[in-house]
Amino acid sequence: MNFSGFNGSENLKNSLNALENGGRLPHAIIISGSTAEEREALTRLLSKWAVCSSDGERPCGVCKNCVNAEEKAHSDIYYAVGSGKTEIYSAEELKRIVADASIKPNQADRKVYIFEDCDRRLPAISQNILLKTLEEPPQDILFILTCKNSKLLLETIRSRATTLQLKDDLSVSSDALKIAEEMMSGIVSPSEINLLRATFKLNERFLALSALDAAALLLRDGMALYMGGTPELSSEAAEKLCRKLTKAHFLELIEVTGEAREKINQNIPLKLVSTWLCAQYRRTVWQK
């Protein structure tokens, strides 16, 4: 397999090469861990591999299929479309995909269906619709599901797919983690002043971005505990969240945290971002 442009670990590359050489690349792959950017890079590599028309090493990167796949313009590669504010993959969308999967590819030898951020966007009802197709897949199909934490997917889904675990960088500075933990405590505190004080500590760009990354990790840990999984960090904050919040809360709080990070990257003043974040956190938890 040609890994040009992909900076994954050697162990992961060796595993993929072994699967390819043995003709055992699965019909369903879960890409879990690391950042959204790294998950997307591996998704792009595998989707190009699936449609590449080269007789040599694949993906070649230069054939028409590879070029179209790189540009997200290949007729046999479908990115699932979410709906609503949270971009959830609806039952209707899954039914359309399941029906389409039985139709032969247009240009390539395989059809590829990609579901991004499945631990946040693919609810149980939609997973169950996909399950039958994963159990008895049509020929020449590749499903790719990406997520931060694969343990939040149904066991029945995980057991019918091969999980590729990307390495996470869990190095969080003590200052960023402390602010994140204070924000999490503020979320479940009956007094808004505690959350306001914590979010107002996001007063320096790099520290703010790091603290938001840590907050997202704590929220995912809290949801993992809520779903019976194992957290990545050992933190009392995640345990407090687990006792107070529901899965719907966690999903929306994670999304809000990501939006705050995007606002900082768009150079919106930090004071405005921290004020907005505090209000959104409170609205999510206390107005439902």
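The values are calculated or read from the model by the stated rules, or taken from the named source; none is laboratory data. What you see is a predicted model, and the numbers here were worked out from it, not measured in a lab. Here Cβ is always computed from backbone atoms with ideal geometry, including for glycine, and neighbour counts include all displayed protein chains. Ligands, DNA and RNA are excluded from the accessible area calculation, which covers all protein heavy atoms including side chains. Shrake-Rupley method; radii C 1.70, N 1.55, O 1.52, S 1.80 Å.
Structural remarks
- Within segment 17-67, the residues that satisfy the criterion of being among the small types (Gly, Ala, Ser) and touching a residue at least 60 places away in the same chain (Cβ under 8 Å) are ALA28, SER32, GLY33, SER34, ALA36, SER47, ALA50.
- Scanning segment 167-176 for residues that are surrounded by 15 or more Cβ atoms within 10 Å (Cβ to Cβ) and not small (Gly, Ala, Ser) yields ASP168, VAL172.
- Per-region count, segment 248-288, residues under 21 Å from the mean Cα position of the chain (by Cα) and loosely packed, with under 13 Cβ neighbours inside 10 Å: 3
- Near pairs, Cβ below 7 angstrom, 6+ apart or cross-chain, from segment 123-151 (more than 23 Å from ARG24 (Cβ to Cβ)) to any residue that is open to solvent by less than 10 Å² (accessible area, probe 1.4 Å) and among the small types (Gly, Ala, Ser): LYS148/GLY33; ASN149/SER32; ASN149/ALA224; LYS151/ALA224
- Residue count for segment 138-166 under the criterion of being open to solvent by less than 60 Å² (accessible area, probe 1.4 Å), over 28 Å from ALA216 (Cα atoms) and in contact with a strand residue (DSSP E or B) (Cβ under 7 Å, 6 or more places away or on another chain): the result is 2.
- Close Cβ contacts (under 8 Å, 6 or more residues apart or on different chains) running from residues in segment 78-98 that are modelled with pLDDT of 95 or more and aromatic (Phe, Trp, Tyr) to residues that are surrounded by fewer than 16 Cβ atoms within 10 Å (Cβ to Cβ) and assigned to a helix (DSSP H, G or I) comprise TYR78/ASP100.
- Search result, residues across segment 15-31 that are in a helix (DSSP H, G or I) and crowded, with 16+ Cβ neighbours inside 10 Å: LEU16, LEU19
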